[in-house]
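Peer 1: Structure incoming, see below.
What follows is calculated from the coordinates using simple rules that are stated; it is not laboratory data. All values derive from a computational prediction rather than experimental measurement. Positions of Cβ are generated from backbone atoms using ideal geometry, with glycine treated the same way; all protein chains shown enter the neighbour counts.
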Amino acid sequence: MVTDTEHRRIFRLPAAVAAIALMLGATVASGPAAAQVSKSGFILPMDLALEASQEAVRTCAATGYDVTATVVDVSGTPQVVLRGDNAMIHTNDCAYRKAYTIVTMGPIFQVTTTSQSPVVLTK
């Protein structure tokens, strides 16, 4: 008869071997890490992205809108996220989605600014 201690010992070894095999397999299969960067060659300098987000937040605040401004690069990766004073929590997600959409879908519809998107949607 197998005791509880022997039972645990019997099943512990295969579990450990399986865990090690999984870790090694994941390491080998992943290969060299490739950075998710734009291959297009177009780069927006960080200081210009920051200036654009500051101006967007400043302009909206002057007209009574508390917003978050998100600047993404050509691959849709956030470069700057700037939350204005009194901006609600959901503005962060909205700003990112809006910026991502215009970068990824804009070229398809020949749209370069988010203010042009309602025009495209109504056509």
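Peer 1: What number of residues within the range 58-95 satisfy the criterion of being part of a loop (DSSP other than H, G, I, E, B), crowded, with 18+ Cβ neighbours inside 10 Å and aliphatic (A, V, I, L, M)?
Peer 2: 2
Peer 1: Among the residues of the range 96-117 satisfying the criterion of being crowded, with 16+ Cβ neighbours inside 10 Å and small (Gly, Ala, Ser), which is farthest from VAL57 (Cα to Cα)?
Peer 2: It comes out as GLY106.
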